[in-house]
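A short worksheet on the structure shown next.
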Amino acid sequence: MSTIKYICKRLALMVFVFVTILTICFVLVKLLPVTEAEQFGKDMNLILQRRKALGYDKPILVQYLIFLQKSLLGGDWGISEELYRGQEVWGMFVSKLPATVLVNVYSMLFSVPLGLALGTYAALKKNKWQDHLISTLVMVCISVPSFVYALLIQYFLCFKLQLFPLQMNSGSDYFTWSMFKSVIPAVISLGLGSVASFTRSVRAELSEVLTSDFMLLARTKGLTRAQATVRHAFRNSMVPIFPMILGEFVAILSGSLIIEKIFGVPGVGQLYVSSITARDYNFFMLLSAFYTLIGLVSGIVVDISYGIIDPRIRMGER
Amino acid sequence: MDKKTFDYNNIPKDKFEFCQRDESIHDKKFDTKPVGYFKDAMMRFCRNKSSIVAAFIILFLVLFAVFVPIFCSNKYTSMPTDTTYLQYTKLLPKWDLFAWAGMDGCTDMTLNKDNYYKKLAIAEETGVNPIVKVYKADYVDASSTTDTTFYDVRIDSYTNLGMTFLTLTEEEYRDIQEWQKESGIQVIYPAVDTSDLKIATLKNDASIWYKCTNKGMPKLDKDGHFQPMYKTTGSDGGYDSLRIAGDDGSYRYAVLAGTSEATSYKVRVFLYNYFQYRYGFEPAFVFGTNAYGQDILTRLAGGMRFSLVFAICISAVNLFIGAIFGAIEGYYGGKMDLILERIKDILGNIPFIVAVTLFQLHLAQKVGPIVSLLFAYVLTGWTGMAARVRMQFYRYKNQEYILAARTLGASDARLMFKHIFPNALGTLITGSILVIPSTFFSESNLTYLGIVNLDTSTRSSIGSMLAAGQPLISSYPHIMLFPAIVISLMMISFNLFGNGLRDAFNPSLRGTED
């Protein structure tokens, strides 16, 4: 019962935080000067009429109520004013989502098994040379920024060896071989960091569990080392790892701005960056809301899944 | 004294003496010094070899960032708006010390016959050959569609710059002549009689001084030499300086234009030697130059210096705000904690990139991009620090020693900062060290994406250098390589150093590393 109460409390808090952040963003965006009016060669009257028709001349509070009613509850985020002139913002956003999700799902499929395998191997070979090698690589992969090895991958794999195309294919045929081949560089550069962080946590957790007393008991009652590791140690070490994976799964929607830019992935991240440079405020509002929501939801999923995976953990208790 | 024959049961009385007669008996003082928390942390930190190495790398990088802009700036790097820069773009790294490692300013390439002869022409005229080495000469490439032949050569990017036209004033023209006489280095080469050339692009090509076809292919004489077509008529404003070999005094070194009061002199200069005249040293850039001819070394070091100072500032401000906020939250608890936690929730959950963008849009015009970026970092950055402090306060505030201090009448502020706060110091130091690499990372991210532009005339940020290098990655990888190496080194060493500190400050790990 307390879990449900805890979940409800967290959800209510999440809605509160989300709405507050959006309000701050909304007010700050509305306070900005209209860039269009300063540009040369624009018919000021036409612009003013259009803004009036869209309701942009009303007081901010009224506009805010309209925004809450129409956008947040009704799902109508207005039309693009600069980037894709006249297009529906929401429709544009939805059409960009698949590319981002595709790249990120592939990178999860690549990084989770690899991270778990490497971490387990390192924990089993603790303080041997294999462990030291893996730990060093993990340290390097975590520290070096993803765009540095994205550039290295682009230079060596795509340009020197010509294994992959330099940029991701455009178009919407997501499940063809050539598309798959063209996303591989982006997937690797996005996944390496996650592989490293999974490896590090699995190694830390597993090596702690492996030295605990119940492992000794398991060996004493006659299990082989492999049996004991798989049945007892691995499950227990998953308690902090699994929420981490779940959190990443929610976060895959948000993607990586920089990797999308380097490899030309026609996704949400690029849309966000170009909406900033083009000063397209409707896109900016929608994507800010999107990123805030992703961050909040992934945080909650992680916290709640702790309690569900391991009932001994009571969340929200002091 | 012989031990075996000594009678221990009957020791004569005079052999005894009092060991302490004047002093009172007390415990022996420790010969060793007491080991406190920080000393212990220091000792365990020093045992961690990788952290020590990381500390030295950080020291090296800091020295690099501090001293390179001081000692390596010269006349070239301190003249950022000079348009002559555009003549020296994309030069390759050259450092005599590391010439064996490929830093000789040269690159391998395949030339067709036309271009090969152009390089030969530079060599013939100036005596400096841009072609350092020929791997494979005059071969036919079967896959090529044209009927030309190819040469695999190694080209020196510095002398490969060749000739360019410059329009000088009277004063500059005389000055160069004076300098030529003093140093004995030829900068100005004779003007060319372009009347035989039919194509405008050939007329505007400063490198052409020989008879050639309409495609730019030189017409060689019987012995295979270039046939010069230098200008021998017209005035060159009384040129009185070095003349090239083979000049009988009839060659003209400038083309005059303008009025008689303000004459301008159009001359052909050899860019390598012109650099020497203009900046006082032979061109050699340790990290090469970028697409605008700016020196990568000093710009990179300047950017690093800025990043370091910026990151340390942010770390300090976050520490300050976070410590006070977390202390109040943790110490008072209850309603105060609830309200402050919500504020922290809201600020901590604003996506960083959204905060940066809004600050850039609102403040960058008024206070500049750097200050508005600083605000964005401070707005969202201190929450982590506050959470750490709050945790420590919850742990310690109900312990007996605090109760004792309270009973003795200590004020709240004294309890908070004198008695509880020192317990949180270890985690705080680690936290603020680890803020530095994450600031590097997000700053280079933002500048890479172009959301923030921190470039000035003398320094650049690593992110924008990488972004500028990416389109040129296939032909000029050095523009991107050095910033990438530097940021990787910085991130690795700061993370290793921070992790070493974290382990050292964690007393529960004592003894486990052995």
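What follows is calculated from the coordinates using simple rules that are stated; it is not laboratory data. Keep in mind that this is a model prediction, so the values were computed, not measured. Cβ placement follows ideal geometry from the backbone for every residue including glycine, while neighbour counts extend to all protein chains displayed.
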> With each pseudo-label sitting 7 Å past Cα toward Cβ, what's the A:PHE214-A:TYR64 distance in nm, one decimal?
Replying inline: 5.2
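Would you mind ranking B:GLU172, A:GLU260 by Cβ crowding within 10 Å, fewest neighbours first?
On the way: B:GLU172 15, A:GLU260 26.
Neighbour counts put them in this order, fewest first: B:GLU172, A:GLU260.
Mind checking the mean number of beta-carbon atoms from other chains within 10 Å of the Cβ atoms in A:13-21? Intermediate results must be reported in sequence, preceding the final value.
On the way: counts 3, 2, 0, 3, 7, 2, 1, 7, 8.
Taking the mean over all residues of the peptide, I get 4.
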> How far is the Cα center of the range B:340-418 from the Cα center of the range A:61-87, in Å?
Replying inline: 34
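Is chain A best put as rounded, prolate or oblate by its Cα gyration tensor, with a ≥ b ≥ c the root eigenvalues, rounded for a/c under 1.5, and otherwise prolate when a/b is larger than b/c, oblate when not?
On the way: a/c = 3.22, a/b = 1.62, b/c = 1.99.
The shape class here is oblate.
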> Say the dipole of the range A:96-278 comes from +1 at the beta carbon of Lys and Arg and -1 at that of Asp and Glu; which of A:VAL138, A:ALA278, A:HIS232 then lies farthest toward its positive end?
Replying inline: A:HIS232
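Within the range B:176-243, list the trypsin sites (Lys or Arg not before Pro) lying in a DSSP loop whose Cβ has at most 12 other Cβ atoms in a 10 Å radius. Can you show the working numbers first?
Values: sites: B:LYS181, B:LYS198, B:LYS203, B:LYS211, B:LYS215, B:LYS219, B:LYS222, B:LYS231, B:ARG243; in loops: B:LYS198, B:LYS211, B:LYS215, B:LYS219, B:LYS222, B:LYS231, B:ARG243.
Qualifying residues, ordered by number: B:LYS198, B:LYS215, B:LYS219, B:LYS222.
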> So, in Å, what gap is there between the alpha-carbon centers of the range B:103-157 and the range A:261-316?
Replying inline: 53
> If Lys and Arg each add +1 and Asp and Glu each add -1, what is the summed charge of the other residues whose beta carbon sits under 13 Å from the beta carbon of B:THR194?
Replying inline: +4
> Sorted from fewest to most neighbouring beta carbons within 10 Å, what does the list A:LYS52, B:LYS15 look like?
Replying inline: B:LYS15, A:LYS52
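For B:SER24 and B:CYS46, FRET efficiency with R0 = 41 Å and r from the beta-carbon atoms, rounded to 0.05?
Working: r = 40 Å, r/R0 = 0.98.
That pair, B:CYS46 with B:SER24, gives E of 0.55.
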> Based solely on its DSSP helices, what 222 nm [θ] is calculated for chain A when runs of n ≥ 4 H residues each add -39,500 (n - 2.57) and the sum is averaged over all residues, nearest 500 deg cm²/dmol?
Replying inline: -22500 deg cm²/dmol
>> List the pairs from A:LYS9/B:LYS418; B:LYS366/B:LYS418; A:LYS9/A:LYS70; B:LYS118/B:LYS231 whose alpha-carbon separation is above 31 Å, in the order I gave them.
In response: A:LYS9/B:LYS418; B:LYS366/B:LYS418
> Suppose every K and R has +1 on its Cβ and every D and E has -1 on its Cβ; what is the size of the dipole of the range B:96-279 about the Cα centre, in Debye to the nearest 20?
Replying inline: 480
>> Let's test the formula: R0 of 30 Å, r as the Cβ-Cβ distance of B:HIS225 and B:SER143. What FRET efficiency results, to the nearest 0.05?
In response: 0.35
>> Loop-only trypsin sites (Lys or Arg not before Pro) in the range A:173-221, please: DSSP not H, G, I, E or B, and at most 14 other Cβ atoms within 10 Å.
In response: A:LYS221
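List every DSSP H helix in chain B whose Cα atoms extend 18 Å or more along the helix's own long axis and whose mean Kyte-Doolittle hydropathy is at least -1.0. Mind showing how you got there, number by number?
Values: long enough: B:49-71 (32 Å, 2.54); B:113-126 (20 Å, -1.22); B:170-183 (20 Å, -2.49); B:296-332 (53 Å, 1.41); B:334-349 (22 Å, -0.02); B:352-367 (21 Å, 1.43); B:369-396 (41 Å, 0.60); B:421-449 (40 Å, 0.87); B:478-505 (40 Å, 1.27).
Those that clear 18 Å and a mean of -1.0 are B:49-71, B:296-332, B:334-349, B:352-367, B:369-396, B:421-449, B:478-505.
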>> Modelling each spin label as a point 7 Å along the Cα-to-Cβ direction, I'd like the B:THR201/A:TRP90 distance in nm, to one decimal.
In response: 5.4
>> So the label point goes 7 Å from the Cα of B:ALA245 along Cα→C-beta, right? Which residues of the range B:124-148 then have their backbone N under 12 Å from it?
In response: B:124-129
> Considering only the other residues whose Cβ falls under 14 Å of the Cβ of B:ASP114, what net charge follows from Lys and Arg at +1 and Asp and Glu at -1?
Replying inline: +2
> For the pair B:SER457 and A:LYS9, how long in nm is the line joining their label points, each one 7 Å along Cα→Cβ?
Replying inline: 6.0
> Per-residue ellipticity at 222 nm for chain B, helices alone: DSSP H runs ≥ 4 residues times -39500 (n - 2.57), over residue total, nearest 500 deg cm²/dmol?
Replying inline: -16000 deg cm²/dmol
>> Nothing charged except the Cβ atoms of Lys and Arg (+1) and of Asp and Glu (-1): what's the magnitude of the dipole of the protein assembly as shown about its Cα centre? Round to the nearest 20 debye.
In response: 3220
>> How high is the relative contact order of the range B:96-279? Use alpha-carbon pairs under 8 Å, at least six apart in sequence, and give a whole percent.
In response: 24
> Roughly how tilted is helix A:235-251, in degrees to the nearest 10 and between 0 and 90, from the longest Cα axis of chain A?
Replying inline: 20
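What length, rounded to one decimal in nm, is gained on full extension from B:ILE312 through to B:PHE71, with 0.36 nm per residue of separation minus their alpha-carbon distance? Please report the intermediate quantities before stating the final value.
Numbers: separation 241, 0.36 × 241 = 86.76 nm, distance 2.35 nm.
Length gained, B:ILE312 through B:PHE71: 84.4 nm.
At a 10 Å Cβ-Cβ cut-off, how would you order B:THR159, B:THR84, B:THR145, fewest neighbours first? Before the final figure, lay out each step's value.
Working: B:THR159 23, B:THR84 16, B:THR145 6.
Ranking B:THR159, B:THR84, B:THR145 by Cβ neighbours within 10 Å, fewest first, gives B:THR145, B:THR84, B:THR159.
At most 14 other Cβ atoms within 10 Å and a DSSP loop assignment: could you name the chymotrypsin sites (Phe, Trp or Tyr not before Pro) in the range A:134-192 that fit?
Values: sites: A:PHE147, A:TYR149, A:TYR155, A:PHE156, A:PHE159, A:TYR174, A:PHE175, A:TRP177, A:PHE180; in loops: A:TYR174, A:PHE175.
Taking the range A:134-192 and a limit of 14 other Cβ atoms within 10 Å, the loop chymotrypsin sites (Phe, Trp or Tyr not before Pro) found are A:TYR174, A:PHE175.
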>> Below 15 angstrom from the Cβ of B:ARG406, what's the summed charge of the other residues (Lys, Arg +1; Asp, Glu -1)?
In response: +1
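Please report the relative contact order for chain B, taking Cα pairs under 8 Å with a sequence separation of at least 6, and give it as a percent rounded to a whole number. Don't skip to the answer; put the middle values down first.
Numbers: 709 pairs, mean separation 89.6, N = 514.
Contact order relative to length: 17 percent.
In terms of the Cα gyration tensor, with a ≥ b ≥ c the square roots of its eigenvalues, is the range B:96-279 rounded because a/c is under 1.5, prolate because a/b exceeds b/c, or oblate?
Values: a/c = 2.32, a/b = 1.44, b/c = 1.61.
Taking the square roots of the gyration eigenvalues as a ≥ b ≥ c, the range B:96-279 is oblate.
If you average the sequence gap of Cα pairs under 8 Å that are 6 or more apart and divide by the length of the range A:96-278, what percent do you get for the contact order?
On the way: 210 pairs, mean separation 66.3, N = 183.
In percent, rounded to a whole number, it is 36.
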>> Give me the extension gain from B:ALA413 to B:TRP100: residue separation times 0.36 nm, minus the current Cα-Cα distance, reported in nm with one decimal.
In response: 106.4 nm
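On a full-extension model of 0.36 nm per residue, what is the gain between A:ARG312 and A:TYR56, subtracting their alpha-carbon distance, rounded to one decimal in nm?
86.8 nm
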